[in-house]
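Working notes for the structure below.
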Ligand SMILES: Nc1ncnc2c1ncn2[C@@H]1O[C@H](COP(=O)(O)OP(=O)(O)OP(=O)(O)O)[C@@H](O)[C@H]1O
Ligand SMILES: [Mg+2]
């Protein structure tokens, strides 16, 4: 549904993004995660046909963003960083206007607006002037205009920014509900945001993709198989000492009934000796598995590596 290859954007001599490569399949919800200035908004502006790239290819819903920007816009709903709302307009009038701009046929505009209002929880404020609404409700209006023409692809630049915790949950639920019917890319520099809503994340830092994977695989991979947990019925000091003595074991910590075993980079081959030591000392092994990093740690690790800070 979205295909990006060798995509770069220069602002003057500076590259905001360089050589991006990624794909998003139909129906997927992908999170674009990166710190401030990483190039998230730049990439999104290019994907929506809002701004041209300096080089490379981007195809959205089968159309090249450069050669067929009109076809792309027809298939894309875009929520920019700053919601593109007209403060002096009434919510429902603004949404009909957005529907017309997106070429919704005249006889379907009313229905499309009603549906967008309902989906984004704007029913109580549909007759109010946008400029008088709270920031969170203005953000919903922005989301509503992105949805009103039922686009195949939704590109949402920080969709929950400025919302209160209750609204954040509601908007996340709304976005999750779009999976399958719509293809969604959303950006965030907040980690819980992407874990809560996305199936896959693309981590971008200083204009480059530093990782892209499912959240599950990314967190496992990041540990490089070096941290394991061993759950036992009866943790005893003899057993812990025995495990500490296994070559390749760097550190062993006890947390309740869980031993956290950190291996040296060459220690992965010693896993059976660790379990053996636990069995010999009769600790009652219940589970032995690779420990997962939280995405927070992954993110820090990916975006603060040397020369990258
Ligand atoms: N119009 C512009 N002219 C010059 N430089 C720009 C322009 N827009 C963005 N940049 C630069 O390009 C880089 C990427 O910016 P971008 O807005 O894409 O980052 P972002 O990941 O969306 O960040 P944020 O989380 O702060 O929104 C930054 O270094 C930014 O300063
Ligand atoms: Mg941005």
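Each reported figure results from applying straightforward, stated rules to the coordinates on display, with no laboratory input. This is a predicted model, so every value here is computed, not measured. Here Cβ is always computed from backbone atoms with ideal geometry, including for glycine, and neighbour counts include all displayed protein chains.
Sorting 173-183, 37-47 by their mean Cβ neighbour count within 10 Å, with the most densely packed peptide first, gives 37-47, 173-183.
As a proxy for reagent exposure, ranking 14, 258, 244 by other Cβ atoms within 10 Å from fewest up yields 14, 244, 258.
Mind checking the angle between helix 165-176 and the chain's longest principal axis? C-alpha axes, 0 to 90 degrees, to the nearest 10. With rounding to tens, the tilt is 80 degrees. Taking the DSSP bridge list for the chain and keeping only pairs wholly inside it, about 65 percent are antiparallel. By the Stokes-Einstein formula, at 1.306 mPa s and 10 °C, region 1-49 with its Kirkwood radius over alpha-carbon pairs has D equal to 136 µm²/s. For the chain, the longest principal axis of the Cα atoms and the long axis of helix 135-147 meet at an angle of about 80 degrees. Exposure proxy shown here: for 144, 134, 281, the number of other Cβ atoms within 10 Å sets the order, fewest to most, as 134, 281, 144. Cα gyration tensor of region 224-291, axes a ≥ b ≥ c as square roots of the eigenvalues: rounded (a/c below 1.5), prolate (a/b > b/c) or oblate? Prolate, because a/c is 1.5 or more and a/b exceeds b/c.
Put one equal scatterer on each alpha carbon of region 26-90, apply the Debye formula with no solvent term, and list log10 I(q)/I(0) at q = 0.16 1/Å to two decimals. Log10 I(q)/I(0), no solvent term: -0.63. Ordered by the number of other Cβ atoms lying within 10 Å of each residue's own Cβ, fewest first, 88, 291, 81 fall into the sequence 88, 81, 291. The Cα-based radius of gyration of the chain, divided by its Kirkwood radius, gives an Rg/Rh of 1.11. For the Cα atoms of the chain, what angle does the longest principal axis make with the long axis of helix 271-280, in degrees from 0 to 90, nearest 10? On a 0 to 90 degree scale, this one is about 50.
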